[in-house]
Amino acid sequence: MRKLLLILVFVVSSFGIDWAGKVDWAMSYSQAKNISKKTGKPIFVDLALSHCPPCKWTSEHIYTDEKIASYINKNFIPILFIVDEQKVPQEVAQYFSGYTPSFIILKNGKQITQFSFDREFLKNKRKFIDYLKKGIK
């Protein structure tokens, strides 16, 4: 009975996260590519794991920050992959380091920049925006 309760708590906590925050995520990679081609904006990819504490922290504190979400929405076509629940397209997977959270910025299918940080780094939201800026130069 105790094991069942622990499993239930884990499952509920995994689904209880609002991964989106205030970011307008694309619904699929093909949609992100099409919009990117039309607008000329690079694609911002977040690769996360459902059980990764820094990934959850990013969703709860970075993507809910009005300034960061607005910057992402204005300058990128964002897409989020929960890599242990979704198939990541090869065009993205080839740049994935295996560390989560990983952030990749792509333009015309090519990597512009990639960064991965732990929660301590992510607490400095200014640095997060500085890394995003590298992707639109």
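Note on the stretch 49-111: Cα-only Rg and Dmax are 12.3, 31 Å. Under 5 Å from the amide H of residue 113 lie the amide H atoms of 105, each residue being 5 or more positions distant or on a separate chain, with H modelled from the backbone and absent for Pro and chain starts.
Applying the Karplus relation 6.51 cos²θ - 1.76 cosθ + 1.60 with θ = phi - 60° to the stretch 31-48 yields 3J(HN,Hα) values of 5, 4, 5, 5, 5, 4, 4, 6, 9, x, 7, x, 9, 9, 10, 10, 10, 10 Hz, where x marks Gly and Pro. Under a 5 Å amide H cut-off, with hydrogens placed 1.01 Å from N, residue 64 pairs with 22 among residues at least 5 apart or on other chains. What the phi angles of the stretch 104-117 give under the Karplus curve with 6.51, -1.76 and 1.60, with θ = phi - 60°, is a coupling list of 10, 10, 10, 9, 6, x, 10, 6, 8, 7, 9, 8, 9, 9 Hz, glycine and proline written as x.
When both bridge partners sit in the stretch 18-134, DSSP labels roughly 65% of those beta bridges antiparallel.
Each Cα pair of the stretch 18-134 feeds into the Kirkwood radius, which the Stokes-Einstein equation turns, at 10 °C and 1.306 mPa s, into a diffusion coefficient of 114 µm²/s. Of 44, 128, the sequence from fewest to most neighbouring Cβ atoms within 10 angstrom is 128, 44. Near residue 26, once Lys and Arg are set to +1 and Asp and Glu to -1 for all other residues with Cβ below 13 Å from its Cβ, the sum equals +2.
For GluC sites (Glu not before Pro), the sites in the stretch 73-129 that DSSP calls loop and that have at most 13 other Cβ atoms within 10 Å are 85.
Which of the lysines could be linked to residue 38 by a straight reach, that is with a Cα gap under 17 Å, when you skip same-chain ones fewer than 8 residues away? Once the sequence-local lysines are set aside, what remains near residue 38 is 74, 107, 110.
No value in this document is a laboratory result; all are computed from the given coordinates. Here the structure is a predicted model, which is why all the values come from computation and not from measurement. Cβ sites come from the backbone with ideal geometry, for glycine too, and all protein chains shown count toward neighbours.
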